[in-house]
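Asks: Before I ask anything, here is the structure I am working with.
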Amino acid sequence: MNRSERRYFKQRAKSYSSTNELDYIALFDVLAKYSNYSEVITNEVAQIGINNLSLKIQYLHNAILDSLSAYKKKRSPNQFFQTAMNRILLLEQLGQLEDALKMIKKIKQKAYEGERFELLLQMLDTEKSILHIRDHGQTSQQLIEMYNEKHKLIRILSNLNKYELLGLHFIELLEANKVNESLDQKAFQDLLDHSLLQSESLALSTRAKFQFYRIKSVIYFFLYSVDDKNFYTYSSKCLQLLHNVKSAELHPGVYFNLFNNYFIACFHQKEYEPLKRGLSFLQNITPNEPQYFAICRYFYLGFMSSIYKIQPPPPNEKTKFLNTFKKDFDNYKHLFHQTRKKLLLYNVVSLCISFKEYSTALDWWNILSDPEEVPMIPKEKLTIKLTRLILLYELNYRSLIKSELSSLNYFLKKLPLDTPMPQYVFSLFKNLFNVHSNEEKINILSDFLSNLPAPSTYHLTYLKIIPQWVNAKLSELQDSK
């Protein structure tokens, strides 16, 4: 619970409980201080004299759930409009028609701001009913204006429905693409050629434009590549509209996907400052639920690590980021999906190597290689074992390098591979281990880069950090000549 939710809980509990029931609030205050139940028992609960402790804990649990439910309902925009609608109907029943019409005008303005078109139609029907009563069934100018407004609104809503149907068709294509594990290029191209996707001016509302940009951005991603400028352009426009479509009412999975597309597009277009601003924007709109905030931090840590590998920060910022990474990982690791966790850990190992923080990288590598922390398939185990060779080499752990090479030699013979990259990396360190002069090392590193195989499509086995380290090491050795 965040601070606002805790405050609401205590206010609500005091309002709905008698004086002799308030000891569960004291229990709540104690629980909030500690990380586990046993600490509470041994420290403070006995001192505050709570009887029937197990029952009070269950009562507290239910009270917290009821409070959170009421808190979220109270803050929901739907609840605001429902309450307003009930008040309007009450004013109509009391004969206070002008007050009801004033309230309708005020609520309609707010509904237009949020493009709540379905609610607006309901408001217009209520307005029509009140005008008929006020004007004794006569056709007034206000009634004519209401009909014109309704006609325009129906046109906008019909247009939005067309874009939303197009969005559903788009999702069907994406799902079919996942099932078939192949891209139906013709189907995506036909969708891109759809009449509604030829100009954004055809979308008559922000919500429709949002669908327009969202569909176009991902189609360009699938049909062309992440390097396509249109992917970046439409991802950016989609994100700019996110505030207007009331991101808090979208399922978090929807806007996390939007942000992910935008961040990828920014990264490949080398638009690092917009990417950083997008990360800040995401943090500001992410729900307070821990599982969603964990995804937000995953994006921040992952993409900032990638930026810092390309644009190294000043030393103080470097230290601050690594400390933040450690704190966030410890806080949210139990909420990260296993795939996200392993990619995040591999990312921080790579980042520490690029920072030349080899001891820190080894600490993170030990977490990454722990099977209880991060289960891995054989290819991924091979990847991290090969990455460890950089750390052992830089830390001059020669005896460990020798045993690791022996282990890897066995691993490479047993494991079928779809890329020669692991064998190239193994040969690189085997050769480096047996030479001492800088000249020989320069020749080995240069030969490695000149014979580098094409990237693998598999997300970990290409070992991107190896060529990056070789380039940096080669420059370092050449500068020292």
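Please treat every number below as a calculation from the coordinates, not as lab data. None of the values given here were measured: they were computed from a predicted structure. Neighbour counts run over all protein chains shown; Cβ positions are idealised from the backbone, glycine included.
Asks: Once the Cα atoms of helix 338-354 and of the chain are each reduced to a long axis, what angle between those two axes, in degrees from 0 to 90 to the nearest 10, is obtained?
Replies: Around 50 degrees separate the two axes.
Asks: Do the sum for the chain: with -39,500 (n - 2.57) for every DSSP H run of n ≥ 4, divided by all residues, what is the mean residue ellipticity at 222 nm, to the nearest 500 deg cm²/dmol? Walk me through the intermediate numbers first.
Replies: Working: 22 runs with 353 residues, N = 481.
Mean residue ellipticity, 222 nm, calculated: -24500 deg cm²/dmol.
Asks: Need one word for the stretch 96-170: rounded, prolate or oblate. Basis is the Cα gyration tensor (sqrt eigenvalues a ≥ b ≥ c); a/c below 1.5 gives rounded, then a/b vs b/c decides. List each step's numbers first, then the result.
Replies: Values: a/c = 3.45, a/b = 2.11, b/c = 1.63.
Judged from the Cα gyration tensor, the stretch 96-170 comes out prolate (a/c at least 1.5, a/b above b/c).
Asks: Could you put LYS152, LYS209, LYS110 in order, starting from the residue whose Cβ has the fewest other Cβ atoms within 10 Å?
Replies: Exposure proxy ranking, most exposed first: LYS152, LYS110, LYS209.
Asks: Can you compute the equivalent ellipsoid semi-axes for the stretch 172-301, i.e. the square root of 5 times each eigenvalue of the Cα gyration tensor, sorted largest first and rounded to whole Å? Please report the intermediate quantities before stating the final value.
Replies: Values: eigenvalues 117, 59, 47 Å².
Square roots of five times the eigenvalues give 24, 17, 15 Å.
Asks: Next question, about the same structure. By a straight-distance test (C-alpha under 15 Å), which aspartates and glutamates pair with LYS229 as possible cross-link partners, with residues fewer than eight away in the same chain excluded?
Replies: List returned: GLU271.
Asks: Need one word for the chain: rounded, prolate or oblate. Basis is the Cα gyration tensor (sqrt eigenvalues a ≥ b ≥ c); a/c below 1.5 gives rounded, then a/b vs b/c decides.
Replies: On the way: a/c = 3.16, a/b = 1.55, b/c = 2.04.
Judged from the Cα gyration tensor, the chain comes out oblate (a/c at least 1.5, b/c at or above a/b).
Asks: Using the 10 angstrom Cβ neighbour count as an exposure proxy, how do ILE144, ILE401 rank, fewest first? Each step should come with its number before you reach the end.
Replies: Working: ILE144 10, ILE401 20.
So the ranking, lowest neighbour count to highest, is ILE144, ILE401.
Asks: What is the fewest-to-most order of HIS268, HIS251, HIS337 by other Cβ atoms lying within 10 Å of their Cβ? Write down the numbers at each step before the final one.
Replies: Numbers: HIS268 15, HIS251 8, HIS337 12.
The most exposed by this proxy come first: HIS251, HIS337, HIS268.
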